[in-house]
Every structure is written in structure tokens, then in C-alpha cells.
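What follows draws every value from the coordinates through simple rules; no lab data is involved. Everything numeric in this text was worked out from a predicted model, so none of it was measured. A quick note on method: Cβ atoms are made from the backbone with ideal geometry, for glycine too, and the neighbour counts reach across all protein chains shown.
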Amino acid sequence: MRILIVGGKGTIGQAVVEKLKDAHELILAGRTSGDVQVDLTSVDSIEAMFKKVGHVDAIVNASGAAKFQLVEEMTPEDNLVAVQSKLLGQINLALIGQKYLRHDGSITLTTGIMKDDPIPGGASAAMANGGVAAFVKSAAIDFTHGIRINCVSPNVLVESYDNYQDSFKGFVPVPAERVAMAYVKSVEGKQTGQEYQVY
Ligand SMILES: NC(=O)c1ccc[n+]([C@@H]2O[C@H](COP(=O)([O-])OP(=O)(O)OC[C@H]3O[C@@H](n4cnc5c(N)ncnc54)[C@H](OP(=O)(O)O)[C@@H]3O)[C@@H](O)[C@H]2O)c1
């Protein structure tokens, strides 16, 4: 398969690349990293990326930003970071990317544990994660031509835990390699409308 991986040079992305690279042709994308440049917060940038890349069998996203801020201190502008990146960025990738998917292609997006297991300051990210998960479940029944869509909801990663441990007290981090297997299930399997929770 020809697979586009946005965020392919990131912590999760690299683990996904490791699992898929021997069996597939991978195209990695990032704002500055990878084979092709894209900023998911810009519709024009997503369109330009697909014009360069052309048709693919699978689209994977392992990127998305949010501002971590206690709700009592959060402004509408703070919340827009997650809306534009994690929420709309991923949904726009799916909406534009569907035109570039071959028959039986798939889309795999990324959410995260904090929508199910709240952490302080995580409400904005949780909002975006919940929106993406609901979009995936609902969009799956609209697609024809065998197009599938799923998302992966990782726990905090072992590889990221040093940076995030103050916010994730009592969480049991999961290795990136285990999270990557959920992306493999989405890309190489047959399921659709799923959220793979790797908790
Ligand atoms: N790490 C965790 O513990 C964890 C747990 C649950 C969920 N998640 C979620 O999983 C996603 C990936 O996490 P990660 O830890 O792998 O992140 P990461 O290590 O920071 O990597 C992010 C990757 O995405 C690219 N990227 C960032 N913003 C982008 C944008 N606007 N457009 C296109 N590419 C962009 C980056 O490359 P460039 O810098 O070149 O753009 C980089 O390759 C995030 O949404 C994160 O919230 C992470």
C-alpha cells in the first residue's frame, strides 16, 4: 500500500513507521519534517500536500496540538488551538483526503485518553478528541467504495512520560510500539468506525 503518515517523524509517528515500513511505501508529512510539508491548521496547505502526493491507499495522522490550561484560566483564544489543530485539522485532512483515497482506502486519526480519563488542564484537548471520535463513528456509515475510517486513542506514552508525568499522576504509560499496533490494525485490517483505546 501507498500510505501517507502526517506526523510520521513524531514520537507516535516513528513507531507507526517502524511497524509499516517493510511492507508498504510510506510518505511522511510534517510542517518542517518528512518527505512533504503540510500544516494541518490550513486547508490550503492540506490541498497543496495532496496535489503533490497524489492518490494513496491509506491516510494516517499522528499529529495535533492543544493548549493545556485550567478551564478557569482558559480564554476562547486558548481553546482555538485545539479546535484548529486537533479537531478541524484532522477532520479537514479526512474531508480533503477522501478525494485522494483509492478504492478500499482508509483514514486513521488520533485522539487521546484525556477525554475518557480527565487530567487537569486537559479540557480543550478532550473537547477536540471527543469531536474527532464522534466524527469517526458517524462518518464511517457515510463512506462508500470501501473507504474506512478509525481513530486511535493512546494513553500517555512511556516515551513521553518524562515530560507529562506531573499531569498524568497514577496513569500507567503505554509503549509507543503497542500504540503503533492499533494504527496497524486500522490500516491493514477491515474494521471501520472504531476508536482503538490503547489504555
Ligand atoms: N505522546 C503521547 O503520550 C500522546 C498520548 C496521547 C495522544 N497523543 C497525541 O498524539 C499526537 C502525536 O503525539 P506525539 O507525542 O507523537 O507528538 P510529537 O512527538 O510532538 O510529533 C508530532 C508530529 O506531528 C507533526 N506536526 C505537528 N503539528 C503539525 C501540524 N500542524 N501539521 C502537520 N504536522 C504537524 C510534527 O512534525 P513538524 O514539527 O515537522 O510539524 C511531528 O512529526 C498528538 O495529537 C498528541 O496529542 C500523544
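Note on the stretch 130-177: percent of Cα-Cα distances in each 5 Å bin, starting at 0 and stopping at the bin with the largest distance, equals 4, 19, 19, 12, 14, 13, 10, 6, 2, 0. Karplus-based coupling profile of the stretch 145-159, in residue order and whole Hz: 6, x, 5, 10, 9, 9, 9, 10, 10, x, 5, 4, 7, 3, 5, with θ = phi - 60° in 6.51 cos²θ - 1.76 cosθ + 1.60 and x standing for Gly or Pro. Value of Rg to Rh for the stretch 2-198, rounded to two decimals, is 0.95; Kirkwood radius and Rg both from alpha-carbon coordinates.
How large is the dipole of the chain about the Cα centre if only Lys and Arg carry +1 and Asp and Glu carry -1, each at its Cβ, rounded to the nearest 20 debye? List each step's numbers first, then the result.
Values: 18 positive and 22 negative charges, 117 e Å.
That gives a dipole near 560 debye.
Note on the chain: with a GNM built from Cα contacts shorter than 10 Å, the maximum mean-square fluctuation among Asp35, Asp44, Asp57 falls on Asp44. Between the amide H of Cys151 and those of Leu109, Gln194, Glu195, Tyr196, distances stay under 5 Å, these residues lying 5 or more places away or on another chain, with hydrogens modeled in the peptide plane.
Among the lysines of the chain, pairs at least eight places apart or on separate chains and with Cα atoms under 14 Å apart come to 7.
As a check on your grasp of the helix formula, calculate [θ] at 222 nm for the chain: sum -39500 (n - 2.57) over DSSP H runs of n ≥ 4, divide by the residue count, round to the nearest 500.
Values: 7 runs with 72 residues, N = 199.
Theoretical 222 nm ellipticity from helices: -10500 deg cm²/dmol.
Here's the picture: a label point sits 7 Å out from the Cα of Val184 along the beta-carbon direction, and within the stretch 155-172 the residues with their amide nitrogen under 19 Å of it are 155, 157-159.
Run the numbers on the chain and let me know its relative contact order in percent, using alpha-carbon pairs under 8 Å that are six or more apart. All intermediate terms of the calculation are to be shown ahead of the outcome.
Details: 402 pairs, mean separation 41.1, N = 199.
With pairs under 8 Å counted, the relative contact order is 21 percent.
I want the local charge near Val43. Using Cβ-Cβ distances under 14 Å, sum +1 for each Lys or Arg and -1 for each Asp or Glu among the other residues.
Details: positive: Lys51, Lys99; negative: Asp39, Asp44, Glu47.
Computed value for this residue: -1.
Here's the picture: charge each Lys and Arg Cβ at +1 and each Asp and Glu Cβ at -1 in the stretch 1-115, and of Asn92, Met1, Thr11 the one pushed furthest to the positive end of that dipole is Met1.
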